[in-house]
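In what follows, a single structure is set out as structure tokens and then discussed.
The values are calculated or read from the model by the stated rules, or taken from the named source; none is laboratory data. Since the structure is predicted, the reported quantities are computational estimates derived from the model, not experimental observations. Positions of Cβ are generated from backbone atoms using ideal geometry, with glycine treated the same way; all protein chains shown enter the neighbour counts. Accessible surface areas use protein heavy atoms only, side chains included; no ligands, DNA or RNA. Shrake-Rupley method; radii C 1.70, N 1.55, O 1.52, S 1.80 Å.
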Amino acid sequence: MMQIVAIMIIVYMIFVGLTYVALFIIAGPRVKRESKLNRKEQIEEISINKDTFPVSVLVPAFNEEVGIVSTVRSMLGLNYPQYEVIVIDDGSTDTTSEKVISQFSMRKIDLAMRKYVETEPVQSAYQSELYPHLFLVIKNNGGKADALNAGINFSRYPYFSAVDGDSILDRDALLKTMKPIIDSNGQVTATGGTVRIANGSTIVRSQIEKIALPRNPVVMMQIIEYFRAFLIGRLGLSRMNILLIISGAFGVFEKNRVIKVGGYNRNTVGEDMELIVRMHRSIKDEKSNQRIEYIQDPVCWTEAPSTLASLRSQRKRWQRGLAETLWTHKKMLFNPKYKGIGLFSMPYYLFVELLSSVFEMIGYLIIILGLTFSFISIEIATVMFLVTVMYGSLLSSLAVLLEEWTYHKYPNSKSVILLFLWALTETFWYRPMMVLWRCEGLFLSLRKNAEWGNMNRKGISNDDN
């Protein structure tokens, strides 16, 4: 019996590995084509075009005193013809609001906002005397989704960008992510770009001045993870218009479409993915030609967890959010009405992204217990081990090479070699931890546990004050 289970696990992991390879092949032509394009030239016309769609940049913040000033400065430095920045303090218990008010000379203004979606009460609003397009909204605590809904209510423009309070944007981030929307004349209803980890890099005046690797192995492995997730997974799914997630760290959305589907869901910890699935569902129900796109350019830099405790908390939350979203929209699963979303994307996120941790955990237990108590043969244990290495470490190594092939962001070959070598070690220490924590997150989703967990931020800016 144990031998049969072991073989099933081997078949499953080979299937998952081949799925990633297929996504890589699908994404490959676009990666190759766009790596040769002059991106600066592509967005130059948009930057001087006064008819470009204006954008509201929403920054939800809860206890972000460490990095909020740096984030706001990054927003104010964006290269875009017309936009506003709205910081939403979601009932912070630290000095988040005080820092924004003092650093940017904010004055209290009359609170006037439409109520497109329900939120916790908003207490007050401020406007900067130095930067008239910068606003601060202070509200009762209701969670990130509730804060974003309040920002949507307060915003003036037809498109909005949702940005995490610890993120730093590339100067051309809005130009790059709005370009598909502008080129399609509104047929693209939402876009996202690649998010990168800023830990270890030099940040001056809220801009990435020098990209460098961190010394912390935990952060190093997250950089490799991000390469795999964004360059292989999301780009491949985006090419088929079946991408189910735009990172909560940074994305651009058509406000009317988001309002039509009811705004962000306040009852899930995976509000970013749940919104995208609901938008896809709305588009398919209406038989609309609108689509959701992902661009491969690195446009957003964020602080990654630097301790095992904060990383565990983050991954449990991500897994719970994924499980909640799939359960909420389970009627779309294998439903031909939703075409690629129901027949490929939803099953992919269920069997590859959600349940893979369970299968991998069973695989680890079979290898350890099977060899200890002679449940399985040494040959099958060896095959399982080799498949595990191929599934984890070699796919991550492929992602590192793909990053170097396309962007050459790291200044020297030593950094690339170091990333490649760390990627080869993933199976032996990092991936087992991820599997355990993802299983924990899945268990919490079954228990309906409302725990969010906190990330102890150190700040990623070198000039925050």
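General remarks:
- Exclusive hit being modelled with pLDDT of 95 or more, in a helix (DSSP H, G or I), more than 22 Å from Leu169 (Cβ to Cβ) and not acidic (Asp, Glu), set Arg317, Arg312: Arg312
- Boolean, Ile460 is buried (at least 16 other Cβ atoms within 10 Å of the Cβ), modelled with pLDDT under 85 and either closer than 29 Å to Phe351 by Cβ or of a type in the set (A, V, I, L, M, F, W, C) (or both): yes
- Arg266, sole failed condition from (1) among the basic types (Lys, Arg); (2) under 24 Å from Leu343 (Cβ atoms); (3) assigned to a loop (DSSP other than H, G, I, E, B): (2)
- Residue identified as among the β-branched types (Val, Ile, Thr), touching a Ser or Thr at 6+ places or on another chain (Cβ under 6 Å) and open to solvent by less than 10 Å² (accessible area, probe 1.4 Å) among Ile138, Ile168, Ile152: Ile168
- Residues that are farther than 28 Å from Thr325 by Cβ, aliphatic (A, V, I, L, M) and open to solvent by less than 10 Å² (accessible area, probe 1.4 Å), drawn from segment 377-403: Ala381, Met384, Val400
- Scanning segment 405-452 for residues that are open to solvent by less than 80 Å² (accessible area, probe 1.4 Å) and either modelled with pLDDT of 65 or more or closer than 26 Å to Ser201 by Cα (or both) yields a count of 31.
- Pair list, Cβ < 6 Å and 6+ apart or interchain, from segment 415-431 residues that are on the phi < 0 side of the Ramachandran plot to residues that are open to solvent by less than 70 Å² (accessible area, probe 1.4 Å) and not in a helix (DSSP H, G or I): Ser415/Leu213; Val416/Tyr410
- Matching entry among Trp301, Trp327 (being farther than 18 Å from Trp437 by Cβ, of a type in the set (Phe, Trp, Tyr) and not in a helix (DSSP H, G or I)): Trp301
- Set side by side, the residues Thr96, Thr71, Thr52 differ, and just one is touching a Phe, Trp or Tyr at 6+ places or on another chain (Cβ under 8 Å), crowded, with 17+ Cβ neighbours inside 10 Å and at pLDDT below 90, which is Thr52.
- Enumeration of residues in segment 99-145 that are of a type in the set (S, T, N, Q) and within 25 Å of Gly270 (Cα to Cα): Thr119, Asn140, Asn141
This table checks each residue for (1) assigned to a loop (DSSP other than H, G, I, E, B); (2) closer than 21 Å to Asn79 by Cα.
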{"position": "Thr119", "(1), (2)": "yes, no"}
{"position": "Gly142", "(1), (2)": "yes, no"}
{"position": "Ala147", "(1), (2)": "no, no"}
{"position": "Asn153", "(1), (2)": "no, no"}
{"position": "Ala162", "(1), (2)": "no, yes"}
{"position": "Met178", "(1), (2)": "no, yes"}
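- Lys284 vs. criteria open to solvent by 10 Å² or more (accessible area, probe 1.4 Å), in a helix (DSSP H, G or I), over 25 Å from Tyr20 (Cα atoms) and of a type in the set (Lys, Arg): yes
- Candidates in segment 226-263 are the residues that are assigned to a helix (DSSP H, G or I) and modelled with pLDDT of 90 or more; of these, the one that is surrounded by the most Cβ atoms within 10 Å (Cβ to Cβ) is Val258.
- The one condition from (1) more than 30 Å from Thr388 (Cβ to Cβ); (2) modelled with pLDDT of 85 or more that Phe15 does not meet is (1).
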